[in-house]
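The values are calculated or read from the model by the stated rules, or taken from the named source; none is laboratory data. Just so it is clear, the structure is predicted and the values come from calculations on it, not from any experiment. Here the Cβ is made from the backbone with ideal geometry for all residues, glycine too, and neighbour counts use every protein chain on show.
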């Protein structure tokens, strides 16, 4: 259940902490006292879209924290584990969301930062909030199939997942057919182009790494004279002596010979002599390699011209087909694949059309099974909703789930228009509140009070399946009064027998059913307006309910009436719990 709400700097709320009980929690207050602000704050912490104007004027941030105390983590546990969040052993779960005037949005679960989508995924297993915007979703016919599928989720989920996978494979085949047919429309011309381009690349006889090797060879030939002169000069200085100079090798040999005379006196000197001997041997090897390089090195102008010609050919091919030789060869492979498809397109198309029909039949079969199961759940919904509405003083109401299915849905060989990954059903809820009136769409016939009761009936049915521990009703009592109000109060009270309910209401009948009653008031001074919330004891509850019955002026009669409502509520709760 939702144990505690902590709100800071939200609209007219400086700082507010509310501690809720199990069962039925009610929030009442004058119109404009700020009840909706508290619900807005809860929605913010649950991951709803946020506006920065929620932040109190003059403050840098707004923060909301929701502390849940869960007896059974159930599905929440698996979601937390998937997100790498360790559930607390005591069942406590803390959601936090903070907004700043700079636009920063921080979300945390048990102290760990999460994304907004993660926060929404976790919170949807914790709280079900019903407000006026949900009236609109129920009035929108396109959402009705989602209500129905949610009702039958335990049976439909696996089937719907299989349909999504099969439908996706079917669409992939369809796209491949369209692609090949598009190629075939200009097939001969495209085939000639590909043959020419492939032949041109093949004639170039490109080799990976060839260009780099050619450029290095060209560099050697371009600088041939400088290379030959430098090598010969270096070799002469290292190896050859004359009357005026001593070669490097001769000079080094003389040094090593002199040092040999003092070998064995000092280990340090012996090491240095060894190093010089090693240098002498290495230099002799290097001199021989220089001589060998010099003897075979020559300048070949014909070879240089060949290199220039080849590099120009490579440049011309790259300019047309790719940045590097490797890119050109990769493009050639792709063109060969495309050419193969073109040359075998008719055969491939025949294979694809065969696969397409087979996959279509699989999709159609899944759609039919899904439709059949949906219709079974629709019958269940019609029966259950009619029963629930009867409990809410709408016993004469007729309710029906209308299905629109393609006329040729039974023709295996004929493709059905309008198949989606969700099947081919179009679902709409129809209602007739009064005997003799034809069934019509909800949006065309239903009043505000009737809409509230229909939504409450839906919530009752879906709530039994959802197993969500907390339900919040924001002004479910719109457009109802009298006996109907009492029925609604009893229905919500019954729901609160198995889960926590938090309800914002203007009706004394609903308020009297509460296990825990909060009064919301707005206080104003010359410079500041703020919201205050107080938890009412029994006598304070009577006064508040009396005010709801008779207005601001309390009378003995309204107080007695309030007491009677509370007694009736206690009697009803005791009776339903037995």
**Asked** Within region 548-559, is there a residue that is modelled with pLDDT of 90 or more and either more than 27 Å from residue 3 (Cα to Cα) or under 41 Å from the mean Cα position of the chain (by Cα) (or both)?
**Response** no
**Prompt:** In this structure, is residue 417 within 30 Å of residue 76 (Cβ to Cβ), out of contact with any strand residue (DSSP E or B) (no Cβ under 9 Å at 6 or more places or on another chain) and modelled with pLDDT under 75?
**Reply:** no
**Only listed residue being over 33 Å from the mean Cα position of the chain (by Cα), buried (at least 16 other Cβ atoms within 10 Å of the Cβ) and either farther than 30 Å from residue 190 by Cβ or at pLDDT 85 or above (or both), chosen from 407, 412, 391** = 391
**Prompt:** Is there a residue in region 370-393 that is touching a residue at least 40 places away in the same chain (Cβ under 8 Å) and in a loop (DSSP other than H, G, I, E, B)?
**Reply:** yes
**Prompt:** Name the pairs whose Cβ atoms lie under 8 Å apart, with the first residue in region 243-266 and outside the structural domain of residue 282 (by TED's automatic domain parsing), the second surrounded by 12 or more Cβ atoms within 10 Å (Cβ to Cβ), and 6 or more positions between them or separate chains?
**Reply:** none
**Request:** Residue by residue through region 60-73, note down the ones that are in contact with a strand residue (DSSP E or B) (Cβ under 8 Å, 6 or more places away or on another chain) and exposed (fewer than 14 other Cβ atoms within 10 Å of the Cβ).
**Result:** 60
**Asked** Failed condition for residue 495, given (1) within 33 Å of the chain's Cα centre (by Cα); (2) closer than 18 Å to residue 389 by Cα; (3) crowded, with 24+ Cβ neighbours inside 10 Å, with all others met?
**Response** (3)
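Would you say residue 573 is farther than 29 Å from residue 37 by Cα and either surrounded by 18 or more Cβ atoms within 10 Å (Cβ to Cβ) or not assigned by TED's automatic domain parsing to the domain that holds residue 489 (or both)?
Here the answer is yes, as residue 573 does meet what is asked.
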**Request:** Please go through region 1-23 and pick out each residue that is touching a helix residue (DSSP H, G or I) at 6+ places or on another chain (Cβ under 6 Å) and part of a loop (DSSP other than H, G, I, E, B).
**Result:** 11
**Prompt:** Which numbered condition trips up residue 103, out of (1) exposed (fewer than 12 other Cβ atoms within 10 Å of the Cβ); (2) over 22 Å from the mean Cα position of the chain (by Cα)?
**Reply:** (2)
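Yes/no matrix, rows are residues, columns are (1) in contact with a helix residue (DSSP H, G or I) (Cβ under 8 Å, 6 or more places away or on another chain); (2) under 14 Å from residue 507 (Cα atoms):
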residue: 539; (1), (2): no, no
residue: 545; (1), (2): yes, yes
residue: 548; (1), (2): yes, yes
residue: 551; (1), (2): no, yes
residue: 569; (1), (2): yes, yes
**Asked** Just one of the numbered conditions (1) in the same structural domain as residue 209 (by TED's automatic domain parsing); (2) surrounded by 12 or more Cβ atoms within 10 Å (Cβ to Cβ) is not true of residue 356; which one?
**Response** (1)
**Complete:** Restricted to region 24-55 and to residues being modelled with pLDDT under 85, in contact with a strand residue (DSSP E or B) (Cβ under 6 Å, 6 or more places away or on another chain) and not in a helix (DSSP H, G or I), the residue nearest to residue 126 (Cα to Cα) is 50
**Prompt:** Could you say whether any residue in region 78-96 is under 27 Å from residue 524 (Cα atoms), surrounded by 21 or more Cβ atoms within 10 Å (Cβ to Cβ) and at pLDDT 85 or above?
**Reply:** no
**Request:** Kindly provide the set of residues from region 529-546 that are under 48 Å from the mean Cα position of the chain (by Cα), buried (at least 17 other Cβ atoms within 10 Å of the Cβ) and closer than 24 Å to residue 490 by Cβ, ordered by number.
**Result:** 536, 541, 544, 545
